[in-house]
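Worksheet for the structure shown next.
Laboratory data are not the source of any read-out in this text; all were calculated from the coordinates shown. Every value quoted in this text rests on a predicted model; they were computed, and no experiment measured them. Ideal geometry is used to build each Cβ from the backbone, glycine not excepted, and the neighbour counts take in all protein chains shown.
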Amino acid sequence: MPDTREPSVATARIALLVAPGRPLELRDAPVPPLGGGEVLVRIVACAVCGSDLHTARGRRPHPLPTILGHEITGTVVALGSGAGVVDVAGAAVACGDRVTWSVCASCGECDRCRGGLPQKCRRLLKYGHVSNDDHPLAGGFASHIVLRCGTAIVRLPAGLSADAAATASCAVATAAAILRVGGGARGRSVIVLGAGMLGLSVVSQAMACGASSVTVVESRPDRLELARAVAPTANTVPWPGDPAALERLFGGVMLTDGADLVIEAGGTAELVQAAVRLVATGGTCVLAGTVAPVGDVAIDPERLVRRQATIHGVHNYLPEDLAAAVVHLASPTGAALAALAGPAMPLESINEALVAAAGTAVRVVVTP
């Protein structure tokens, strides 16, 4: 039985990274035949993540050539043959569905998948992070993408824009995973270190979940303003310059015993040190922002031992975290976070979009 791809969808427009530090190259590429259980999606929006910038600049190793972009939404235009594809709710996926999907496709059979870590699958495919020669049309800076078997697909509610929903599949879903792994926010004091899209997503969801207090630490005044827009009742604290100064500030003014849940969302060695210093007795520290090398970090293990504190690392998320992210963005409590998506720029201006994303915009969105 042949796939149900529309005959007109034979060629895709792609932006290809062929070498770090070089402009992305716009090209036309053939749409490959769909395998069983695969889905062809016409991309509507792809947000530019900080990790895309790290890769484009050569800050971390990456297979080349590649189509970057992993925060994506689109419309299903074709389904491969074989068994029907279902979304995370168990409903059949059909042409015309507005969807987003997990950043990873997992096998579901290896020890890591069976152990609850599908995002670390031994046969993992990660969208926007693979060679286009080996896995064609597997990134978001393109007009179309092929979703592989093992991808968690989530339908978008009618009231949620494609631009806003694009952020769900990385920052907002990862924030949901952070709160889940960290033991939840309800009734607990929370400190978030860093107010980029990941940190702001944590702040928004922690407030919605009923945290007793949320405090945001950030060096950039514009990001602190965004934190106040996302969560008007959150405390905002300018980064004082070093972890020890921040600990003195919290110990003398705001908290006497640290916070129940401390989240590093900024990706620097100093914020990792600060997170460990600020965790309360019996509390939890989650490290999630360091997705590019920052070097070794000095910590005082006695502090952790005596406080019986727990440290978790979080990288990516589970399918249920993605579903929760979409629900949050579509809710009244997530509206201010959803509004951060933009400005939108066309795929033909991809290199200008990367420049804009490195500036003051929280989430530039690329639209084919």
- [ ] Would you mind listing how long segment 15-171 runs along its three principal axes, going by Cα atoms, in whole Å with the largest first?
- [x] 43, 37, 30
TODO: Provide the gained length on full extension for the span ILE299 to LEU26, in nm with one decimal, where the gain is 0.36 nm per separating residue minus the Cα-Cα distance.
DONE: 93.7 nm
Task: Other-chain or far-sequence residues with amide H under 5 Å of LEU156's (modelled H) - done: ARG98, VAL99, THR100
Task: Computed label-point distance, nm, for sites LYS120 and ASP242 using a 7 Å Cα→Cβ extension - done: 3.4 nm
Open item on the list: Given points 7 Å out from each Cα along the Cα-Cβ axis, report the SER349 to ASP222 separation in nanometres with one decimal.
Closed with: 1.6 nm
Task: ³J(HN,Hα) computed for each position of segment 125-136 - Karplus, 6.51 cos²θ - 1.76 cosθ + 1.60, integer Hz, glycine/proline x - done: 10, 10, 4, x, 9, 10, 5, 5, 5, 8, 9, x
TODO: List every residue whose amide H lies under 5 Å from the amide H of MET345, counting only residues 5 or more places away in sequence or on a different chain, with H placed 1.01 Å from N in the peptide plane.
DONE: VAL365, VAL366, THR367
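For the chain, what Kirkwood radius comes out of the mean inverse Cα-Cα distance, in Å? All intermediate terms of the calculation are to be shown ahead of the outcome.
Numbers: mean 1/r = 0.0478 Å⁻¹.
So the Kirkwood estimate lands at 20.9 Å.
Can you quote the Å³ per residue value for the convex hull of the Cα atoms in segment 172-313, rounded to an integer? Each step should come with its number before you reach the end.
Details: hull volume 13.7 nm³, N = 142.
It is 96 Å³ per residue.
Using a 10 Å cut-off on Cβ atoms, rank the peptides 286-294, 89-97 from the highest mean neighbour count down. The partial results should precede the final answer.
Details: 286-294: 19.4, 89-97: 12.1.
Answer by packing, highest mean first, reads 286-294, 89-97.
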Open item on the list: Looking at segment 209-368 only, what percent of DSSP beta bridges run antiparallel? Nearest 5 please.
Closed with: 5 percent
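Assign unit charges at the C-beta atoms only (+1 for Lys and Arg, -1 for Asp and Glu), then state the dipole size of the chain relative to its Cα centre in Debye, rounded to the nearest 20.
Details: 29 positive and 30 negative charges, 75 e Å.
The calculated dipole for the chain is roughly 360 debye.
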Task: Shape metrics for segment 134-221, restricted to C-alpha atoms - Rg then Dmax, Å - done: 16.0, 48
Open item on the list: Only Cα pairs within less than 10 Å get springs; with that Gaussian network setup on the chain, which residue of ARG220, ARG60, ARG306 has the largest fluctuation?
Closed with: ARG306
Task: Computed [θ] at 222 nm, deg cm²/dmol, the chain (DSSP H ≥ 4; -39,500 (n - 2.57); rounded to nearest 500) - done: -7000 deg cm²/dmol
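Counting only DSSP beta bridges with both residues in the chain, what percent are antiparallel, rounded to the nearest 5? Before the final figure, lay out each step's value.
On the way: 34 of 60 bridges.
Given both bridge residues lie in the chain, the antiparallel proportion sits at roughly 55 percent.
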Task: Translational D in µm²/s for segment 243-368 (Stokes-Einstein at 10 °C, 1.306 mPa s, Kirkwood Rh from C-alpha pairs) - done: 92 µm²/s
Open item on the list: Placing unit charges on C-beta atoms (Lys and Arg positive, Asp and Glu negative, everything else neutral), compute the dipole magnitude of segment 172-313 about its Cα centre in debye, rounded to 20.
Closed with: 380 debye
- [ ] Starting from the Cα of THR360, step 7 Å along the direction of its Cβ; do the same at SER81; then give the gap between the two resulting points in nm.
- [x] 5.6 nm
